[in-house]
Amino acid sequence: MKRYALYVFDLDGTLYRGSEPVPHAVDVVRTLVREGARVRYLTNNSGVTPEATTAKLAAMGFPVAPGEVYTTAMAAGHFCARHGIREAFVVGEPGLVSVLRSEGVEVVNATEAGSVGPFEGAMAPVTIVGICRTFTYALLDAALQQIRGGSRFIATNADVTYPMEGGRVQPGAGSLVAAVRACTNVQPQILGKPNPYLVEWILRDAGLSPRDALMVGDRIDTDINCGIAAGCDTYLVLTGVTEGPPTEQAFGADLRGLL
């Protein structure tokens with residue numbers, strides 16, 4: 001297969017499922033790096049910090065260095081910084097809260113430890129919704145009040161599920177985004193894939209053009225459509241949520257098709 005200067009890898013379902021690496025994934029990525037390619041890791045998961053994701057990848061044996069992981073939490077922080085937003089209401093996890101705070105954003109409904117809950121104070125300029133395993137009716141109601149009161153609705157991503165070990169899937173951030181969208185009747189601005197925001201950021205940081213990069217993932221609606229939107233070639237693997245490829249899409253049963 002054609003070689004690229006840069007490979008942008010999705011994580012869940014492409015490189016690992018939960019705590020288990022996808023078969024052959026570590027060997028393939030290590031081979032590409034050994035042959036001179038650059039790799040970057042891109043996840044729609046907003047629940048963990050880039051540092052924690054870097055540590056997880058390294059523990060599994062993937063070649064990864066600080067600054068090579070990009071997440072939708074980073075996209076949310078960058079979005080707020082770029083628009084001068086200093087306060088946010090969050091439906092999310094401590095990892096997202098931590099990244100937002102690192103960008104100088106006060107999360108109005110978070111504890112010092114980063115846990116979020118309902119909030120009855122002033123309206124925040126934005127309401128950011130991501131994966132949140134402590135999601136409750138009260139938190140949904142609080143997000144409703146924020147958005148109906150004029151807060152801008154931002155979603156980290158719209159993946160309704162994500163793959164786990166043993167072929168299982170779990171509810172993703174998209175299922176929570178859908179609940180907030182349903183009760184507010186407001187469409188969110190989505191920062192993660194398929195929005196090319198993060199891929200374009202990766203290309204700028206790498207100093208490369210879209211034709212130099214390949215986007216690799218397991219979901220057509222997010223990974224593949226994101227790569228296409230960014231102008232990159234794309235490659236679909238059938239190790240995650242997609243069971244069969246669409247017509248004319250480059251694909252493989254696993255990552256060995258890249259070699």
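Where a number appears in this text, it was derived from the coordinates with a stated rule and is not lab data. Computed from a predicted structure; not experimentally measured. In this analysis, Cβ positions are derived from the backbone assuming ideal geometry, glycine residues included, and neighbour counts consider all displayed protein chains.
Data overview
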{"item": "Backbone N under 11 Å from the L259 label point (7 Å along Cα→Cβ), restricted to region 9-25", "result": "24-25"}
{"item": "Overall form of region 73-190 per C-alpha gyration tensor (a/c, 1.5; a/b vs b/c)", "result": "prolate"}
{"item": "Percent antiparallel among DSSP beta bridges (both partners in the chain, rounded to 5)", "result": "15 percent"}
{"item": "Shape category assigned to region 172-259 from the gyration tensor of Cα positions, a/c cut at 1.5", "result": "oblate"}
{"item": "Amide N proximity, region 228-253 versus E200 label position 7 Å along Cα-to-Cβ, cut-off under 15 Å", "result": "228-232"}
{"item": "Integer Hz, Karplus 6.51/-1.76/1.60 couplings in order for region 27-42, x for Gly and Pro", "result": "4, 5, 5, 5, 5, 4, 5, 4, 7, x, 6, 9, 10, 9, 10, 10"}
{"item": "Value of relative contact order over region 73-190, rounded to a whole percent, pairs C-alpha under 8 Å and six or more apart", "result": "23 percent"}
{"item": "Potential extension, A182-R30 segment - 0.36 nm per residue separation minus Cα distance", "result": "50.4 nm"}
{"item": "Cα-projected label distance for A138 with S115, points at 7 Å along beta-carbon direction, nm", "result": "1.1 nm"}
{"item": "Estimated inter-spin distance, Q189 and Q170, nm [label 7 Å along Cα→Cβ]", "result": "3.0 nm"}
{"item": "Tilt relative to the chain, helix 137-148 - C-alpha long axis, 0 to 90 degrees, to 10", "result": "80 degrees"}
{"item": "Derived scalar couplings ³J(HN,Hα) [region 184-197; Karplus, 6.51 cos²θ - 1.76 cosθ + 1.60; whole Hz; x for Gly, Pro]", "result": "8, 6, 10, 7, x, 8, 9, 8, x, 3, x, 4, x, 3"}
